[in-house]
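Read the structure below first, then the notes.
The values are calculated or read from the model by the stated rules, or taken from the named source; none is laboratory data. Keep in mind it's a predicted model, so treat the numbers as computed, not measured. Cβ sites come from the backbone with ideal geometry, for glycine too, and all protein chains shown count toward neighbours.
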Amino acid sequence: MKMEGIFIKLSSRKFWSLLAGWLTSLLILFNFDENTTAQIVAVVGAFGSIVVYIFAEAYVDSKSVQSVKNSKRYTDDI
């Protein structure tokens, strides 16, 4: 898998939901208590939110830079 594909997966809320659900199932399977399970899932959810935010901002910034470059090319042609 290319690096771009990994970034797309990491920025997916569905991926983080899947990971939290999978982790919850494993913790219950191995008889972790409810508080520990809730804390671990909360950390995964928080980390996922941060990752999604970072990638979303990077995407918006890259589109902004492209827009500026395209408008500069347009004004240079006039």
For the list (1) of a type in the set (A, V, I, L, M); (2) surrounded by fewer than 11 Cβ atoms within 10 Å (Cβ to Cβ); (3) modelled with pLDDT of 80 or more, I need the number of the one condition that residue 10 fails. (2)
Out of (1) touching a helix residue (DSSP H, G or I) at 6+ places or on another chain (Cβ under 7 Å); (2) surrounded by 13 or more Cβ atoms within 10 Å (Cβ to Cβ), what's the single condition that is false for residue 17? (1)
Taking segment 20-38 as the search range and keeping residues that are surrounded by 12 or more Cβ atoms within 10 Å (Cβ to Cβ) and among the polar types (S, T, N, Q), which one is farthest from the chain's Cα centre (by Cα)? 37
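What about residue 59, is it under 18 Å from residue 8 (Cα atoms), among the aromatic types (Phe, Trp, Tyr) and surrounded by fewer than 12 Cβ atoms within 10 Å (Cβ to Cβ)?
Details: under 18 Å from residue 8 (Cα atoms): yes; among the aromatic types (Phe, Trp, Tyr): yes; surrounded by fewer than 12 Cβ atoms within 10 Å (Cβ to Cβ): no.
Criteria not met by residue 59.
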